[in-house]
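Note sheet for the following structure.
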Amino acid sequence: MSTRRPALLAVTALVAAAALAGCGGGSDDDPAPAAQSAASESPSPESPSTSPSMPETSSEPPSPSPTPTPTVSTPPASASLSDRLLTAGEVPGLNEVAHWAAGVTRPQEPKPLVGTCERFPLTSIGATDVAYRSYQSPGPSPDSAEELVAEFPDTATTARAWKVLQSWHDQCAQQLRRYRTKDVGPLKAVSVAGGQGAWYLLVYGPADEDPNAGVFDAQGMARVGTRIAMVEMKSIGQDYDYPPGHEPMVTGVQAAAAKLAR
């Protein structure tokens, strides 16, 4: 969010500008050939940690805020894939007052792909159907979010695709080469009903929108049955200060998984 929003003002020191030059590293069947050498171990469980931050440029006092949990309804089994996308009201806000507005919804992947780390379309690794939706922050804020839901023909293909998504985390530093500072956080497991969930945080900058701020780019993914969801929530600011395990993307992954369930 904008550095003026109270929930993202807390400036902590996990990722100093010098440390951001580094990068971090990710159930079932063998991974697809594209991911065989890159897929990593299972996501690590959530553990307490300090909050990543860009170099301090604001003197305003910190004001951390927990992420509100939106109410999510589970679609009926007959629902279309687009019905399984999160509504704007189901996407967690970045603080207690922020909310999202729906952008575009389409029955195919966008040309720039989804998220910062995706390397090729999910239809190229077995998805038979996809649905996509973007979200935007009302007003002048550059913050944004998006989700892709994909259907696969069977659980074996879904498992291979899941490993490919994990491998994209391991290779994501290559996507951030143009930034002076960059960090790929660890892949963390998220507990979801009836499936698997994971997320990780990319921190890079300076932000194109503000040379004194950084980009906090959360990447999430959920797998339930033969469906996979990819979620991105991107904010511009000075830090990403939430209680461990209560980050907006954790709630976002759980909400996405609930919509994937039959």
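Every residue in region 89-119 that is in contact with a His (Cβ under 8 Å, 6 or more places away or on another chain) and surrounded by fewer than 17 Cβ atoms within 10 Å (Cβ to Cβ), please. Don't jump to the end; show me each part of the working.
Taking region 89-119 and keeping what is in contact with a His (Cβ under 8 Å, 6 or more places away or on another chain), we get 89, 93, 117.
Answer for region 89-119, where residues must be in contact with a His (Cβ under 8 Å, 6 or more places away or on another chain) and surrounded by fewer than 17 Cβ atoms within 10 Å (Cβ to Cβ): just Gly89.
Mind counting the residues in region 182-201 that are among the polar types (S, T, N, Q) and crowded, with 21+ Cβ neighbours inside 10 Å?
Summing the residues that are among the polar types (S, T, N, Q) and crowded, with 21+ Cβ neighbours inside 10 Å in region 182-201 gives 1.
Look through region 122-142, keep the residues that are among the hydroxyl-bearing types (Ser, Thr, Tyr) and within 24 Å of Pro92 (Cα to Cα), and return whichever of them is surrounded by the most Cβ atoms within 10 Å (Cβ to Cβ).
Across region 122-142, the extreme among qualifying residues is Tyr135.
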Checking Pro107 against (1) modelled with pLDDT of 95 or more; (2) closer than 29 Å to His246 by Cβ, only one condition comes out false. Which one? (2)
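Hey, among Gln166, Gln219, Gln196, which residue is modelled with pLDDT of 95 or more and assigned to a helix (DSSP H, G or I)?
Details: Gln219 fails: assigned to a helix (DSSP H, G or I); Gln196 fails: assigned to a helix (DSSP H, G or I).
Result of the check over Gln166, Gln219, Gln196: Gln166.
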Check whether at least one residue in region 133-150 is out of contact with any strand residue (DSSP E or B) (no Cβ under 6 Å at 6 or more places or on another chain), over 16 Å from Lys234 (Cα atoms) and of a type in the set (A, V, I, L, M), and report yes or no. no
Can you tell me which residue among Gly185, Gly220, Gly245 is of a type outside the set (Ser, Thr, Tyr) and on the phi > 0 side of the Ramachandran plot? Gly245
Pro64 passes all but one of (1) within 17 Å of Glu247 (Cβ to Cβ); (2) at pLDDT 95 or above; (3) not basic (Lys, Arg); which number fails? (2)
Which residue, of Leu81, Leu122, Leu85, is under 24 Å from Val184 (Cα atoms) and out of contact with any His (no Cβ under 6 Å at 6 or more places or on another chain)? Leu122
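The values are calculated or read from the model by the stated rules, or taken from the named source; none is laboratory data. Quick caveat, the model's predicted, so the values are computed rather than measured. Positions of Cβ are backbone-derived with ideal geometry, glycine not excepted, and every protein chain shown enters the neighbour counts.
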